[in-house]
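Let me begin by presenting the structure, written as structure tokens, before commenting on it.
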Amino acid sequence: MSLRAGIRSRTAGFVTALTEILVVLLPFPLIAYIPEMFFGSILVMIAIDLMHEWIWALRKKVSSSDYCIALFTFCVILGTNIEVGILGGCLVHVSLVGLRSEAKEMTPKRGEGQELLPDKSQENNVYFAEEKKEGDMDLAYL
């Protein structure tokens, strides 16, 4: 959290550790004196931050199919529970990976089913100009 805020010194870690040790060593429960509304507001703040990071900012970092999987997982979690949502997201992801691999297997590899055609890309290039005899032909793959 401190790296997000731009804090680069070790002092922040020491202050955090010292505060946590003091809270544990206090002879009375500190939570009893803090309003419940404070804890609710912290939970709402964490939820908004997580939704922004994992739903909104994620769209620029991943492909559109991966983003759709993330949105699907989020919606299923909201509709059911976290276990079903994660399982559903994993199943959708595995099925899409399977479809992608099948599509790659169906596309021909370089050289398979391709005919040799004359290469005319270098024909008018000064650097590659050669004297050609009649009947000579450059062959290349498309």
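Taken along its three principal axes, the alpha carbon spread of the stretch 24-64 comes to 53, 22, 8 Å, from the longest extent down to the shortest.
Solvent exposure of Ile69, expressed as accessible area, is near 20 Å², computed with a probe of 1.4 Å over the protein chains only. In terms of overall dimensions, the C-alpha atoms belonging to the stretch 1-91 reach 51, 33, 21 Å along their principal axes, ordered largest to smallest.
Using R0 = 41 Å, the C-beta based FRET efficiency linking Ser64 and Phe39 works out to 0.60.
In this structure Phe39 has an accessible area near 80 Å², from a 1.4 Å probe over the protein heavy atoms. For an R0 of 35 angstrom, estimate the FRET efficiency from the Cβ-Cβ distance between Leu50 and Leu99 and round to the nearest 0.05. Step by step, r from the Cβ atoms, then E = 0.75. Take the stretch 1-44, drop everything but the C-alpha atoms, weight them equally and run the Debye formula without solvent; then report log10 I(q)/I(0) at 0.14, 0.21, 0.22, 0.27 Å⁻¹ to two decimals. Log10 I(q)/I(0), no solvent term: -0.51, -0.90, -0.92, -0.94.
The values are calculated or read from the model by the stated rules, or taken from the named source; none is laboratory data. On a predicted model such as this, the values are computed, not experimentally measured, just so you know. So basically every Cβ, Gly included, is an ideal-geometry build from the backbone, and we count neighbours across all protein chains shown. SASA here: full protein model, heavy atoms, side chains in, ligands and nucleic acids out. Shrake-Rupley method; radii C 1.70, N 1.55, O 1.52, S 1.80 Å.
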